[in-house]
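K.L.:
Pasting a structure here, questions to come.
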C-alpha cells in the first residue's frame, strides 16, 4: 500500500490507464466520423501512457510538460507505433495522431498537477486519482448520451441503399448537399409530420395551463391554509406514481371508449394533466412554503382578500418556480407515448410520439424512423437547454426554501 503513494508508481499507472481511455475514445469518435476502422492497441497504449505519466511528474513547467508529452505521442502515432493501431488511410491516421497528442498533452498535465516523483501524501495521491476518475466519468457519460443521438442523426441523413450496404458506416457524403435531408422532407410531405408537431405543441401548452390552474391553488392550500387532513393530503400527493400507468391503461381505455373520448384530442388533453398535476403540486408546495408569510399577511391587512393576495403577491414571487414547473410539464406532455398510443387511432389526430411509432414498420425505410425521432427530440432539447438555468433556479429555490 505504501508503494502506491510514490509518484513514480502513481504517475505511470494513471498515465497508462488514461492514455488507453483516450485512445479508445479517439478510435470510436473517428470510426463514427470517417467510416474507417480504428482500434486501440492495449500494450502500446499502456507503455506510452506510462511514459507520459513519468514525464508529467518529472517536468515542472506547464508548457514544457505539455510539449514533452504531446511530441512523442504525436511522432509515435504517425509512424504507426503509437497507442493507435488503425486500418485506415494516412490522412485519418494523421488526424488521430494530432487529436491524441493534443488531448494527452493537456489532460495529463491537468491530472498530474502537483504530483511529484517522490513520496506522496495521502491527500496528493487521492487528488490525482479523483482527477483521473472525474475525467473518465466525463468521457463515459458523455459517450452514453452522445453516441445514440449521433447514430440517430447520421442514420436519418443516409439513404436506404447506403444503410443496407454498410449499416455501421455513419460517415456522410457532403457532396449530396440538401439531398441529405430527403428523409425530413418526405416526413413533412408524405407523413403529415407538420400536423403531428402542431398537435403535440398545443396539447402540451393546454396541459401546462390546466396543470397550473389546478396545482397553484392546491399547492397554496397545502402550504398556507390549515384544514383537516392537510398533512395526509400533502404526503399522499405523489401516491399516484406508485401505480404503474400500464395498470391503469385498461380502465382508462374502457372509460374513454364508453364516453366517446377515445380517439379524440379532447380526451388526450383531459388525461395528460392527471399525470402532471401531482408532480406540479409537489414542486410548488415546497416553494410556497419558502415564501415569507409576512408579505401575504401585510396584503391581507391592506384589505386584499385571499385570492387577490395569491394573484398580486404570491404568484409574482413564485415566477421562477412556475417557469420551471411549466417547462417540466411541457416536456412530460411532449414526450408522452403510452396514452397517445393507446387512445389515438386516427392518423389525423396523432401526436408526434404517436406519429414516430407509426414509422416503426418494415414497409417504411429505417432513415424515416430516425428522422422522426430527431424531429421529436430536438425541439424539446433546444427548449430545455435554452431555459435550463431558469428551471434549475426555480427548482433549487423551492427545495432550499421548502
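Computed from the coordinates by the stated procedures, all read-outs in this text should not be read as laboratory data. Only a predicted model underlies this, so the values are computations on that prediction, with no experimental measurement involved. We place every Cβ from the backbone using ideal geometry, glycine too, and count neighbours over all the protein chains shown.
K.L.:
What order do you get for 158-171, 284-297, 16-29 when each peptide is scored by the mean count of other beta carbon atoms within 10 Å, highest first?
P.N.:
By packing density, highest mean first, the sequence is 16-29, 284-297, 158-171.
K.L.:
For residue 168 and residue 189 in one chain, what is 0.36 nm times their gap in residues minus the Cα-Cα distance, to one decimal in nm?
P.N.:
Details: separation 21, 0.36 × 21 = 7.56 nm, distance 2.83 nm.
Difference between extended and current length: 4.7 nm.
K.L.:
Can you tell me the relative contact order of the stretch 219-372? Whole percent, Cα pairs under 8 Å, sequence separation 6 or more.
P.N.:
27
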